[in-house]
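A short write-up of the structure that comes next.
Just so it is clear, none of the values below were taken in a lab; they were calculated from the coordinates. Please read these numbers as outputs of a predicted model, since none were measured by experiment. Heads up, the Cβs are rebuilt from the backbone with ideal geometry, glycines too, and the neighbour counts pull from every protein chain shown.
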């Protein structure tokens, strides 16, 4: 019977695990978007390799183009890839962020047909007069273009509504408008240099014999800036109009510079003290308005991107040659400024995708753990070594990206919510291993990889949902490596150990509740000791971390305690641990009580770690409200586990009491029958 | 035969027991959670007043604007009882010995930390000082606490000291209340009524009226107003008029003084946010707001000031690096907003705090860390020793 129950549970566990994975994968995966983009050709790997570590400035730091492309695509498209085909029924071509961004910069006629924009509610498109397809789908720039003006008009109106009062539709209109605007800025980055400037015939001069319009390069016009200024001054001095050919030229230049002003900050500034890199538009206008001494460098830069953007019409090889030249020049200048050291490291960080490898190993460890629990004797022993091995390999693959992120960011490992997830995954393995070393029951050993799988999936989901580069520099108040090291790490370790308490509680409740422990009292005591120890560790870390946070707040904001939601969450963890320990010392809770309290602690940790960030209030507010349904799911699971545990504890008590009563009746002194030994 | 413990012994056991400690810890946790949820709609200050102020004996939580029916004791009193429990149970009743040294130290440091909170609540003064480059000041203005200031005037200029009815005299006033505020050294008292937490004065026809405005959830954005009647020493009711703090949007610190004549003397009266005098002058030399390049992300805010007392001392104040001097701490609070203002006149806002218990939490941190460390390590060692003893085969 017990064996049957084990197998049933095993399959249910497997089913549940598969279900979680599938749900996460479905959520992260965009709907099918295999659209036809006539004549689309994928970029060669050589070109992509070359472009990958091209340095650009974004979010206040210098980063490789691959990072910029990745997060921009996540924000606009909701995923890191899309698929198109060159013909009807043609082979699907997968376009990843770097290729997607190169299309926007250098093959806009193709890019504008790619299904870039994720629209979650088709009502947004209906509202702007565009015929939608499914309720949730992806649309190209061209498809949305007929409703562009209406979109921006509506967004302008909704922008005045306070965020909390906006409807879902209003917020989506705003999001789409912002994404569309960002995309147009990217499209504009090279548009001016690609097409050049059309020259009108000069008044009074005979027109050229051929009818072909004359086109001048932007760099050429920049080189003649002093002449243009002189002509302008002369016409102003005479009180006359600006000559039409010059007026048209300047207007085109101004429009082009505006279009390429904010999409891409590509050129390191000449001044060593200047921190802001320059966009093509700024390079042009600085020369035309005499705002720079580096005229020669500016003209050279614009000439280089002109050549680059036109070379794509010749061949990809020619394009690659020009790209290599430009990259070499920019990299050399970045190196001189000491801004290139971490670019290759970061490009490699995203290329390697360590967390995906870690996830694979944790999954293998999970499957091995299931086998370990299902078998006994030597087989179980062998499998447990397998679980240890794979878990530690996976752990290493979590540690490597944490270390790399520290090196790239130049700060301690935890500075934002994304950092906390992977850090907690690493800490859970550490705490879990220590607890397992004391227990030696192979229970936590198997639970650790399961918890880590869930955390890494959470990290991936959060990255997709948040779509922000989590390695961007920290805001002024957080820029303190001292406090980030001692307060943030301590409190995050407190979350991790609190979650380990909950994991031990869940293991205990399931084992004892479902009768899988075979009534092994020693195993139960062992789990209880481990949980008690971890409650002590959690209290220590949470209390010290919370007070350290208070001291930091006292130095930053002038108050030790401000009842900010994040502070309250930390306090709640401390109070919950204190309550558990005092209740245990007072004898109000025993084994069941301790473990059920431990499971409840996970809800408190979830509230403090995640939920308070969604309340949209307080100094620690991260300003996002997505994912509230996941939080509710966590609370519901915790609630169900506690209810189940309570019911089982009651049943257990009744059973024990009944057994005791039976034993008493059968005691001879009380008139019962003597039983044979 | 078992004897029942006396009432006093039972009472002692109850107040120093683990049961009360557990109950209060859970209750405080629940109230903190409810307060966190409620402050989303009600705002921080109103929620704190409701949940954790000493005047709030009990409270009824609200969530999403709906009453949760269940009345709970006020958080301040839960904390007070917890403190009593901790002192009685965790310090007095607890066994004394080297094995309990850690936990005793931890309890003591928590008591010390709570005491720091109590001292701060009673004696802390908190205000802001906004300065434009080149300006100087020797006072800060409270963010929230209103105060009625009365001063005698001669030839339109203040004479002698300013008489103040502070936050404690005005606390808890509502629009229905009438409260007489007694001024010991003045020939009259003031009766305050029709108090509005946020209001503006405006003229309707020939009449000045106090128009109530929605109460802002960020308490510092509220500008209170009220009606005032002058009551002379012989009980006669004199002039009636309106007083109000100017709305934040006007940028004014106060409206002109309301002048009254009593016993041939002229007095000026106004309602303002409390003025906190600082024992030295602060002059803003340079305010530097740095942003990360090509972004709106703030990188660093710092102010070069000159602290002018007996001598002028240059000091640098920045985020995470406040200036502590003369019983006051100056924190960098706000700066000219956004990189677009670069080049224009810069201003800097300091949060100015006087708190006698400023460093107490830090000292208590060292104690609690040491105490818990000693306690848990002792427990761990005992547990490991116990486990190894259990594993050893028993001698026959």
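The mean number of partner chain beta-carbon atoms within 10 angstrom of a residue's beta-carbon across peptide A:568-579 is 5.
Please give the average number of partner chain Cβ atoms lying within 10 Å of the Cβ of each residue in B:326-332, rounded to a whole number.
Values: counts 0, 0, 0, 3, 1, 6, 5.
Shielding by partners across B:326-332 averages 2.
Its alpha carbons give the stretch A:230-303 an Rg and a Dmax of 14.3, 42 Å.
Computed from label points 7 Å out along Cα-Cβ, the spacing between residue B:161 and residue B:174 is 3.5 nm.
Once the Cα atoms are used to define both axes, helix A:443-466 deviates from the longest principal axis of chain A by about 30 degrees.
Calculated FRET efficiency, residue A:198 and residue A:150, Cβ-Cβ r, R0 30 Å, to nearest 0.05?
Working: r = 30 Å, r/R0 = 1.01.
The value I calculate is 0.50.
The antiparallel fraction among DSSP beta bridges confined to chain A stands at about 90%. When each of A:536, A:406 is scored by the number of other beta-carbon atoms lying within 10 Å, the sequence from fewest to most is A:406, A:536.
Output the peptides A:392-404, A:218-230, A:71-83 sorted from most to least packed, where packing is the average of other Cβ atoms within 10 Å over each peptide's residues. Mind dumping the intermediate values first?
Details: A:392-404: 18.9, A:218-230: 16.8, A:71-83: 20.5.
Highest mean packing first, the order is A:71-83, A:392-404, A:218-230.
In the elastic network of chain B, a GNM with C-alpha springs shorter than 10 Å, the most mobile of B:166, B:309, B:193 is B:309.
In peptide B:317-323, how many Cβ atoms from other protein chains are near each Cβ within 10 Å, on average? Display every interim value, and only then the final one.
Working: counts 0, 2, 9, 11, 3, 5, 0.
Mean number of neighbouring Cβ atoms from other chains: 4.
The three principal axes of the C-alpha atoms in the stretch B:1-136 carry coordinate ranges of 79, 43, 23 Å, sorted with the longest axis first.
Among B:218, A:114, B:285, the order by Cβ neighbours within 10 angstrom, fewest to most, reads B:218, B:285, A:114.
Taking Cα atoms only, the orientation of helix A:225-237 departs from the longest principal axis of chain A by about 60 degrees. Across the stretch A:14-169, Cα-Cα pairs more than 20 Å apart make up 60 percent of the total. Taking all Cα pairs closer than 8 Å and separated by 6 or more residues, the relative contact order of chain B comes to 17 percent.
FRET efficiency for the pair residue A:295 and residue A:231, taken as 1/(1 + (r/R0)^6) with r the Cβ-Cβ distance and R0 = 22 Å, rounds to 0.80. Ordering of A:258-265, B:198-205 by packing is A:258-265, B:198-205, highest average first (other Cβ atoms within 10 Å, averaged per residue).
Can you tell me the relative contact order of chain A? Whole percent, Cα pairs under 8 Å, sequence separation 6 or more. After rounding, I find 10 percent. Our helix-only sum for chain B, with -39,500 (n - 2.57) per DSSP H run of n ≥ 4 divided by its residues, gives a mean residue ellipticity at 222 nm of -9500 deg cm²/dmol. Its residue count N sets the reference 2.2 N^0.38 Å, and the alpha-carbon radius of gyration of the protein assembly as shown equals 1.13 times that reference.
Which values of log₁₀ I(q)/I(0), to two decimal places, follow from the Debye formula for the stretch B:146-276 at q = 0.12, 0.14, 0.16, 0.17 Å⁻¹ with a uniform point scatterer at every Cα? Log-scaled intensity ratios, in q order: -0.44, -0.61, -0.80, -0.91.
Where does each of A:266, B:27 land when they are ranked from fewest to most other beta-carbon atoms within 10 angstrom?
Details: A:266 24, B:27 18.
Neighbour counts put them in this order, fewest first: B:27, A:266.
Please give the calculated 222 nm ellipticity per residue for chain A, where each DSSP H segment of at least 4 residues contributes -39500 (n - 2.57) and the sum is spread over every residue; nearest 500 deg cm²/dmol? Intermediate results must be reported in sequence, preceding the final value.
Details: 26 runs with 441 residues, N = 677.
Computed ellipticity for chain A at 222 nm equals -22000 deg cm²/dmol.
With both labels modelled 7 Å from their Cα along Cα-to-Cβ, the residue A:646 to residue A:521 distance reads 2.8 nm. Which residues in the stretch B:152-193 have a backbone N closer than 18 Å to a point placed 7 Å from the Cα of residue B:67 along the Cα-to-Cβ line? It comes to no residues whatsoever.
Please pull out the direction-averaged projected area of the stretch B:16-66, using the convex hull of its alpha-carbon atoms, in nm² to one decimal place. Walk me through the intermediate numbers first.
Values: hull surface 15.5 nm².
Computing the convex hull of the Cα atoms and averaging its projections yields 3.9 nm².
If you average the sequence gap of Cα pairs under 8 Å that are 6 or more apart and divide by the length of the stretch B:146-276, what percent do you get for the contact order? Intermediate values should be presented prior to the final figure.
On the way: 275 pairs, mean separation 32.8, N = 131.
Result for the stretch B:146-276 is 25 percent.
Each of residue B:41 and residue A:11 was given a label point 7 Å from its Cα along the Cα-to-Cβ line. The distance between the two points is 4.8 nm.
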